[in-house]
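Worksheet: one structure, shown below.
The values are calculated or read from the model by the stated rules, or taken from the named source; none is laboratory data. Since the model is a prediction, treat every value here as computed from it, not as a measurement. All Cβ positions, even for glycine, are placed from backbone atoms using ideal geometry, and neighbour counts span all protein chains on display. Heavy atoms of the whole protein, side chains included, go into the accessibility calculation; ligands, DNA and RNA do not. Shrake-Rupley method; radii C 1.70, N 1.55, O 1.52, S 1.80 Å.
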Amino acid sequence: VSANNDGAFTGEVSARMLGSLGLRFGIVGHSERRQYHGESDATISTKMHKLLAHRIKPIVCVGETLAQRESGDTEEVILEQLNGCLKGLEMHSGEEIYIAYEPVWAIGTGRTATPAQAQEVHALIRFWLSKNYSKAIAEKLCILYGGSVKPDNIKDLLACPDIDGGL
């Protein structure tokens, strides 16, 4: 989705146009958009709000790089992304958005977070939601795992208490 309402932005589509197609979901914050197109948390927030204005449910992606994980910065990175991406978002039900944890180091690399690693970050996200919104919203909001989900790992990932699905 484009961060712009209208105009010639080749390769991007406005939320208004996507809404006219009846789309139900739109991904924002994907690691490839962050890396290759320089999308900041502020840009992702803008795009998320554009989708919401056109009744499209955003799937907001967060995740750390391998260097960030190895340096022990996962928690800091995830919290910074949540604070930046969800800035100004009012939630009343927990059904307004989805959040997807996408460890960048596990996308297309053949590596996958262990269920314990994924659960740890999902629990962090749920804790952040409870502190910044409410316990009810934290429990209701769907948090997906999106780092190389495969038939051979999905069952163990979905067995984790804070992982609600796969992306």
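Residue by residue, here is whether (1) more than 25 Å from ALA123 (Cα to Cα); (2) assigned to a helix (DSSP H, G or I); (3) open to solvent by less than 80 Å² (accessible area, probe 1.4 Å); (4) not basic (Lys, Arg) holds:
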| position | (1), (2), (3), (4) |
| --- | --- |
| GLY11 | yes, no, yes, yes |
| LEU18 | yes, yes, yes, yes |
| ILE27 | no, no, no, yes |
| GLU39 | yes, no, yes, yes |
| LYS47 | yes, yes, yes, no |
| ILE59 | no, no, yes, yes |
| ILE78 | no, yes, yes, yes |
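Could you look through the range 61-76, keep only residues that are surrounded by fewer than 19 Cβ atoms within 10 Å (Cβ to Cβ) and touching a helix residue (DSSP H, G or I) at 6+ places or on another chain (Cβ under 7 Å), and pick out the one that is farthest from LYS135 (Cα to Cα)? That would be LEU66. Scan the range 130-164 for residues that are touching a residue at least 24 places away in the same chain (Cβ under 8 Å), out of contact with any Asp or Glu (no Cβ under 6 Å at 6 or more places or on another chain), within 29 Å of GLY88 (Cβ to Cβ) and not acidic (Asp, Glu) and the total you get is 10. Just one of (1) open to solvent by 50 Å² or more (accessible area, probe 1.4 Å); (2) over 24 Å from ALA3 (Cα atoms); (3) at pLDDT 95 or above fails for LEU52. It is (2). Any residue in the range 66-79 that is more than 17 Å from GLN119 (Cα to Cα) sitting within a Cβ distance under 8 Å of a residue that is in a helix (DSSP H, G or I) and of a type in the set (Phe, Trp, Tyr)? List the pairs, counting only those 6 or more apart or interchain. As it stands, the answer is LEU66/TRP105, since those pairs meet every condition given. The criterion of being of a type in the set (Ser, Thr, Tyr) and over 19 Å from GLU96 (Cα atoms) does not hold for SER45.
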